[in-house]
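Nothing in this text is a laboratory measurement; each read-out follows from the coordinates by a stated rule. Predicted model only: the values in this text are computed from it and were never measured. No Cβ is skipped: glycine too gets one built from the backbone with ideal geometry, and neighbour counts run over all protein chains shown.
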């Protein structure tokens, strides 16, 4: 009997411990599922100006992927927001595996009130999940990159910040290696890395193979082609990876860097978090990442001025370009119970929070201020290229062909396959891989185009 | 029953309910049926909701072409299954499972060895038991990260080898495609040997000690005791461990996924299934792959039960 009592006490204590531990998580406002009405709600109109701020009330849940900012910066944002809209309560929910979790929640109606659109949502599926925010013509006058999440003239998501795609480089390491001019062709870039390898102790190019996502280089398409319609043209081509195409140039550089031994000893054991510190300390010379990374590197560096940003080393008749695109797009859940409150937050976040500036990104507002991190691009005369939307009737084809063919242009798989071939772990040559991609693309394309 | 106290008399009549609320049957027979049912409701509910319901759903998904969240799901019948059996690369990953299967034999041999030794009187027995079982209690993700540092170039293993003078034999343990699976299987063995060890130890300790004394009197050595006393008694546990080993090798996922994400030739069937569902948005095909794996494991288990039944031990 005594042991039974002890067991019962132990169980109660255990359950209390679990219950108390659970309370530490950020409290999410219980968003009751919307009533089973099936009409599509009318476009959520922008909130009225400041005087009517206290008219808007409600409680909203904002989903975000910024687990690092949700308890600090975002709380500040909520306070400032409440100065203008005192009757709106804002709750945040941050998730490490943002797209994975939100994708699954989108099977229900409970996926927050304001959220970021996961990349896997095909453009044609946007009206199923998100409320329209306005027309392309109207919002296009105020915001950048409105066409990226727009369908048939309606905009469903606006960018919280924009990125330019280029290559981070450590200025001190480049100087020590004797590189005077920033390379603007792949061959010159390889030569520069070779100098880094010969004259310094730094790793010329850190693959971050284990993390995988830094190998997703498809976004350099605009940088290399200087063509805003490059992706749309790929949909019309049977062999978009043939020699001479922008894709061939992009991935060949990755292959050559590893084949020539200009990377770390063992790509399989790289670590993203420590690579940031290694870069800041001058142990890594280059990291091809989007401009969002500039701020993160500067935070790790003893002397932030050592962080440099150059465009992808490629040029078209002397013109150097960089793809510019929206980062995550903020959108409103179609099933939200507080559409005005949600719209108020969305507008405030884009217009007044300065999130993009603080993150060193291209501002969502057309007349917004560019942060100092991107000033170097202006100095170098880099032309920003943002991708045009797909022509009517072809929306979402690019992603459809990609996933159908299992090429994985938006997954780490292709980059890892190329690096495995380059370091000799597989028997494929670079051209083998490109031919295989062409074959898969052709086959998948036939299925998608003729549907 | 009367209780006489300080002038107060309380009479409790078991056939009337006076100020007492009684739930359910009053007879012991009724209670003997009701109480187990009440206890079983919770685990059965959990089993239903978190195991059987999802599996039924998954079988349903395997007949669809669906990306996991869109509102329209296309019924394609057996097309996913046909695709699995006509695409060789989807089955090739089972080759990786062979490494883990062989590893599990090593694991069982080691577990058996330690269990046998630690049955008899040894100094520090409890310390060794604790140390051998401890890895099993560590979270799989933590183990993955520990061994990433272990296998890094200039990591723990290389340092150890250098210290012992074997510096020139260091390899790229995870970078070299030929040995990456050995490294990962080693981690798996390290992790799960403790469980096998404890199972075998329990089985061996259930052998009454008089048998050992009798065999000592007959002049049996340690090896003979093992072969003729211990082994036959624990054959059922060995059989069970064998079945679990095969199932584990076929569906290995955690260790390679955490450490390499399945890259560089370390992808297993389950990793491939997960990639198919979440990277390529092919939930239908991935569900079909999961169903195929389930059927393979069921077939293997059934075959093993047949074999062991013939030997009359299960």
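Tabulated data
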{"quantity": "Förster-model FRET efficiency, 51 Å R0, residue B:159 and residue B:40, C-beta, rounded to 0.05", "calculated": "0.45"}
{"quantity": "Pairwise centroid distance, computed over Cα atoms, of the range B:161-228 with the range A:295-324, Å", "calculated": "54"}
{"quantity": "Chain A: Rg to Rh, with Rh as the Kirkwood radius over Cα pairs", "calculated": "1.01"}
{"quantity": "Over the protein assembly as shown: helical MRE at 222 nm, DSSP H runs n ≥ 4 each giving -39500 (n - 2.57), nearest 500", "calculated": "-15000 deg cm²/dmol"}
{"quantity": "Rounded Å value of the spacing that divides the Cα centres of the range B:113-131 and the range B:249-297", "calculated": "38"}
{"quantity": "Residues of the range A:251-273 with amide N under 20 Å of a point placed 7 Å along Cα→Cβ from residue A:299", "calculated": "A:271-273"}
{"quantity": "Label-point separation, residue A:101 to residue B:307 (7 Å along Cα→Cβ), nm", "calculated": "4.5"}
{"quantity": "Contact order normalised by residue count of chain A, Cα under 8 Å, 6+ apart, percent", "calculated": "22"}
{"quantity": "Peptide B:68-78, shielding by other chains (average Cβ, 10 Å cutoff)", "calculated": "3"}
{"quantity": "DSSP-defined beta bridges in chain A - what % are antiparallel, rounded to 5", "calculated": "65"}
{"quantity": "Contact order normalised by residue count of the range B:85-311, Cα under 8 Å, 6+ apart, percent", "calculated": "29"}
{"quantity": "Between 0 and 90°, nearest 10: helix A:186-199 axis offset from chain A longest Cα axis", "calculated": "80"}
{"quantity": "In nm, spacing of pseudo-spin labels at residue A:124 and residue A:79 (7 Å Cα→C-beta vector)", "calculated": "4.8"}
{"quantity": "Fraction of antiparallel bridges per DSSP, the protein assembly as shown only, in percent to nearest 5", "calculated": "65"}
{"quantity": "Inter-chain shielding of A:411-420 (mean C-beta neighbours from other protein chains, 10 Å cut-off)", "calculated": "3"}
{"quantity": "Separation of alpha-carbon centers, the range A:376-451 and the range B:133-147, rounded to whole Å", "calculated": "37"}
{"quantity": "Cα-derived Rg to Rh of the range B:38-185, Kirkwood definition", "calculated": "1.11"}
{"quantity": "Stokes-Einstein D (µm²/s) once Rh is taken as the Kirkwood radius of the range A:147-273 over alpha-carbon pairs, at 20 °C in 1.002 mPa s", "calculated": "127"}
{"quantity": "Three-way shape label, the range A:91-158, alpha-carbon gyration tensor, a/c 1.5", "calculated": "prolate"}
{"quantity": "Alpha-carbon radius of gyration plus Dmax, which is the widest Cα pair, for the protein assembly as shown in Å", "calculated": "31.6, 112"}
{"quantity": "Separation of the residue A:316 and residue B:242 label points, Cα + 7 Å toward Cβ, nm", "calculated": "6.6"}
{"quantity": "13 Å reach of a label modelled at residue B:298, 7 Å along Cα-to-Cβ, counting backbone N of the range B:57-71", "calculated": "B:59-60"}
{"quantity": "Convex hull of Cα atoms in the range B:17-80, direction-averaged projection (nm²)", "calculated": "8.2"}
{"quantity": "Ranked list, fewest to most other Cβ atoms within 10 Å of each Cβ, for B:259, B:58", "calculated": "B:58, B:259"}
{"quantity": "Calculated FRET efficiency for the pair residue B:78/residue A:369, C-beta based, R₀ 56 Å, to 0.05", "calculated": "0.45"}
{"quantity": "Per-residue average of Cβ from other chains inside 10 Å of B:228-236", "calculated": "0"}
{"quantity": "Longest to shortest principal axis, alpha-carbon extents of the range B:85-311, angstrom", "calculated": "66, 51, 27"}
{"quantity": "Isotropically averaged projected area of the range B:235-313, using the convex hull of Cα atoms (one quarter of hull area), nm²", "calculated": "5.9"}
{"quantity": "Shape category assigned to the range A:360-411 from the gyration tensor of Cα positions, a/c cut at 1.5", "calculated": "prolate"}
{"quantity": "Taking A:213, B:223, A:345 and counting other C-beta atoms within 10 Å, the order from fewest to most", "calculated": "B:223, A:213, A:345"}
